[in-house]
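Written out below as structure tokens is the structure these notes cover.
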Amino acid sequence: MSVMVVWASPNVDGLTAAAKDRIVEGITRAGGTVESLHLCRQKLQSCQACGNGWGPCRQEGRCVLEDDFAEIYDRLIAAQGIVFVTPVYWHDVAERLKCLLDRLRRCETGSGRLAGKPCLLVACAGGTGNGAISCLHNMEQTVGHMKMQCVDRLPVIRFNEAYMLPALVGAGEAFAKKMTD
């Protein structure tokens with residue numbers, strides 16, 4: 001099975017990167033193939049709400065902006081499952097992931113190519129960790145609009161990182177096994 005792990009932290013040595021690494025470890029332990037996509041290295045523009053608020057995204061499931069979005073969208077469609085890993089900024093997803101999700105949601109209105117695709121959501125909050133649950137809720141709402149199948153929501157905070165990071169290996173394994181069922 002192939003899994004696309006999309007992560008959105010500019011900090012390649014932080015909590016979000018560590019969480020991504022553990023998920024990848026679990027998926028590969030279960031025999032899965034992982035493609036990791038670091039959104040901070042992608043060229044992504046914000047949705048322009050072109051036309052009268054909807055461009056060809058609504059009718060054709062494609063975006064007119066010329067950046068890395070079309071390639072990313074094709075890779076997400078080809079994957080058997082998707083993992084979204086984000087740092088928590090102000091009780092919400094990182095801006096890079098928000099940008100991608102906003103455009104995906106519009107294109108999915110016109111295509112539905114991600115409908116039913118299993119996804120795993122991971123929110124990593126430093127500091128108090130108070131925003132992790134709000135962030136996961138927002139992510140679940142967004143993937144729900146796209147009719148994706150959210151199989152788990154995992155908060156990783158400074159308080160629980162000692163036991164959650166190892167648990168993410170198991171979560172990655174379970175996610176990979178779910179796709180082979």
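The values are calculated or read from the model by the stated rules, or taken from the named source; none is laboratory data. Since the structure is predicted, the reported quantities are computational estimates derived from the model, not experimental observations. Note that each Cβ is placed from the backbone with ideal geometry, even for glycine, and that neighbours are counted across all protein chains shown. The accessibility values were calculated without ligands, DNA or RNA, using every heavy atom of the protein model including side chains. Shrake-Rupley method; radii C 1.70, N 1.55, O 1.52, S 1.80 Å.
Some values worked out for this structure:
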read-out: Carbon plus sulfur fraction of accessible area for the stretch 100-181, probe 1.4 Å, in percent; value: 51
read-out: For the stretch 86-128, alpha-carbon Rg and Dmax in angstrom; value: 12.7, 39
read-out: Per residue accessible area in Å² of the chain, where ligands, DNA and RNA are left out and the probe is 1.4 Å; value: 46
read-out: Along the chain, longest interval not containing exposed trypsin sites (Lys or Arg not before Pro), exposed being DSSP loop plus at most 12 other Cβ atoms within 10 Å; value: 44-146
read-out: Total lysine pairs under 22 Å (Cα atoms) in the chain, excluding pairs fewer than 8 apart on one chain; value: 13
read-out: Asn52-Ala162 pseudo-label distance in nm [points 7 Å out on the Cα-to-Cβ vector]; value: 6.0
read-out: For Leu154, residues with placed amide H under 5 Å, excluding near neighbours; value: Leu121, Val122, Ala123
read-out: Glu25-Glu140 pseudo-label distance in nm [points 7 Å out on the Cα-to-Cβ vector]; value: 2.7
read-out: Under the Debye formula (equal points on every Cα, no solvent term), log10 I(q)/I(0) of the stretch 101-181 at q = 0.12, 0.17, 0.18, 0.20 Å⁻¹; value: -0.40, -0.75, -0.81, -0.93
read-out: Label-to-label distance, nm, for residues given as Ala115 and Asp67 (7 Å Cα→Cβ offset); value: 2.7
read-out: Principal axis dimensions, largest first and in whole angstrom, of the stretch 1-86 by Cα; value: 46, 28, 16
read-out: Relative counts (whole %) of C-alpha pair distances in the chain, using bins that are 5 Å wide; value: 1, 9, 18, 21, 21, 15, 8, 4, 1, 0
read-out: Tilt relative to the chain, helix 161-180 - C-alpha long axis, 0 to 90 degrees, to 10; value: 60
read-out: For peptides 33-39, 49-55, 133-139, sequence by mean Cβ density within 10 Å, most packed first; value: 133-139, 33-39, 49-55
